[in-house]
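For reference, the structure is listed below as C-alpha cells.
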Amino acid sequence: MAGPRPVVMSGPSGAGKSTLLKKLLKEFEGVFGFSVSHTTRSPRPGEENGKDYHYVTREVMKAAIANGEFIENAEFSGNMYGTSKAAVQAVQAKNMICILDIDMQGVKNIKRTDLNPVYVSIQPPSMEILEKRLRDRKTESEESLQKRLHAAKVDMEISKEPGLFDVVIINDDLDVAYGKLKDAVLEVIFFQKKILLNSYAFYSLFIIFP
Ligand SMILES: Nc1ncnc2c1ncn2[C@@H]1O[C@H](COP(=O)(O)OP(=O)(O)OP(=O)(O)O)[C@@H](O)[C@H]1O
Ligand SMILES: Nc1nc2c(ncn2[C@@H]2O[C@H](COP(=O)(O)O)[C@@H](O)[C@H]2O)c(=O)[nH]1
C-alpha cells in the first residue's frame, strides 16, 4: 500500500480507543485521517453515517466481502465490522496517516496483509474499571455488555503476546495515556521519515559522486 505507514489502534471495547484517537485527530488535523469502517450495528446517538461508520445490513456487507472489497472483517458482539480497501485508500490518497480502530481479530488479519502499520494496544487499568466505563457510557444492552466483557478478557490476555503490538498503553489517566500515544506514534513516524531522508541523502551521494 502506498503512503505513510498507518496506525492500528486496538484493545477491549471501552478501553478508550475512540476517546484517544479523536484527541489525536483533533490536535493533528490534516496529519492523521480515520479509516471509516463498515458495521452492521445500529448507530448510537450522535454517531454519523460515513463519519463514525458506514452502517450497512448484513446482506450488503457479506456481498461486499465476497466481492473482495475488504482488507479485513470480523464478527464482534453479534455484529459484523470491517475495513474496506476504499476506506484506507481514501485517507492515504490525501497523504495522511491512516488510523484504524479495530478489534483483536482485525489485528491478526491485518498482520497477514501488506499494510505494515504501527500496532498500538489501548488497555484499561482493570476489568472493574472497564466494566464501569462501559456501563457509564450507556451504549450497550446487558447482553452486549457481557459479550464485550468476555471479549475484553481474551483481548487483555492476547495483547501480552510478545511482538503482537509495538506499544501497549494503559489508559488510566486520560492525559497521561494521550501523551504516551502521541510519543509512540510520532516517534515511529519521525523515525521512519528519518530513515527515508537518510536513504535519499545516501543515494544522492552516488548521483553527485558516481
Ligand atoms: N482515561 C479515562 N478515564 C475515564 N474515562 C475514560 C477514559 N478514557 C475513556 N473514558 C470513557 O470510557 C468510555 C469508553 O471509551 P471509548 O468509547 O473511547 O472506548 P473504546 O475503546 O473506543 O470502545 P469501543 O471499542 O466500544 O468503541 C467513554 O465513555 C469514555 O468517555
Ligand atoms: N476487526 C474490526 N474491528 C472493528 C472495526 N471497526 C470497529 N471495530 C471494533 O469493534 C469493536 C466494537 O466497536 P463499537 O463501535 O461497536 O463499540 C471495537 O473493539 C472496535 O475496535 C473494523 O473495521 N474491523
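The values are calculated or read from the model by the stated rules, or taken from the named source; none is laboratory data. These numbers come from a predicted model, not from an experiment. Positions of Cβ are generated from backbone atoms using ideal geometry, with glycine treated the same way; all protein chains shown enter the neighbour counts. Areas reflect the complete protein model, heavy atoms only, side chains present, ligands, DNA and RNA absent. Shrake-Rupley method; radii C 1.70, N 1.55, O 1.52, S 1.80 Å.
Laid out as a table, the results:
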item	result
Candidate set from the stretch 140-189 (those that are small (Gly, Ala, Ser) and open to solvent by less than 60 Å² (accessible area, probe 1.4 Å)); member that is farthest from residue 4 (Cα to Cα)	144
The stretch 9-35: number of residues that are in contact with a Gly (Cβ under 8 Å, 6 or more places away or on another chain) and in a strand (DSSP E or B)	1
The stretch 74-88, subset more than 8 Å from ligand 2 (Cβ to nearest atom) and farther than 14 Å from residue 54 by Cβ, residue most open to solvent (accessible area, probe 1.4 Å)	75
Number of the condition not met by residue 137 [criteria: (1) open to solvent by 60 Å² or more (accessible area, probe 1.4 Å); (2) more than 10 Å from ligand 1 (Cβ to nearest atom); (3) not aliphatic (A, V, I, L, M)]	(2)
Residue 136 vs. criteria under 15 Å from residue 16 (Cβ atoms) and either among the small types (Gly, Ala, Ser) or without any contact (Cβ under 8 Å) to a residue 40 or more places away in the chain (or both)	yes
Residue 123 being under 15 Å from the mean Cα position of the chain (by Cα), open to solvent by 60 Å² or more (accessible area, probe 1.4 Å) and within 16 Å of ligand 1 (Cβ to nearest atom)	no
Condition check for residue 148: under 18 Å from the mean Cα position of the chain (by Cα) and either among the small types (Gly, Ala, Ser) or within 10 Å of ligand 1 (Cβ to nearest atom) (or both)	yes
The listed residue being in a helix (DSSP H, G or I) and on the phi < 0 side of the Ramachandran plot, out of 140, 161, 72, 131	131
Positions within the stretch 90-103 being within 15 Å of the chain's Cα centre (by Cα) and either more than 8 Å from ligand 2 (Cβ to nearest atom) or polar (S, T, N, Q) (or both), in sequence order	91, 92, 96, 97, 98, 99
Close pairs (6 angstrom Cβ cut-off, 6 or more residues apart or separate chains): within 17 Å of residue 62 (Cβ to Cβ) in the stretch 78-93, more than 8 Å from ligand 2 (Cβ to nearest atom) anywhere	79/40; 80/40; 80/61; 82/70; 83/71; 84/69; 84/70; 85/71
Test: residue in the stretch 145-160 that is free of Cβ contacts under 8 Å to residues at least 60 places away in the same chain and more than 16 Å from ligand 2 (Cβ to nearest atom)	yes
Pick from the stretch 21-32, criterion in contact (Cβ under 8 Å) with a residue 24 or more places away in the chain and within 14 Å of ligand 1 (Cβ to nearest atom), ranking: nearest to residue 75 (Cα to Cα)	21
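Here is a yes/no grid of residues against (1) within 19 Å of residue 139 (Cα to Cα); (2) crowded, with 18+ Cβ neighbours inside 10 Å; (3) within 15 Å of ligand 2 (Cβ to nearest atom); (4) without any contact (Cβ under 8 Å) to a residue 12 or more places away in the chain:
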| residue | (1), (2), (3), (4) |
| --- | --- |
| 13 | yes, yes, yes, no |
| 19 | yes, no, yes, no |
| 34 | no, yes, yes, no |
| 37 | yes, yes, yes, no |
| 40 | yes, yes, yes, no |
| 47 | yes, no, yes, yes |
| 50 | no, no, yes, no |
| 53 | yes, yes, yes, no |
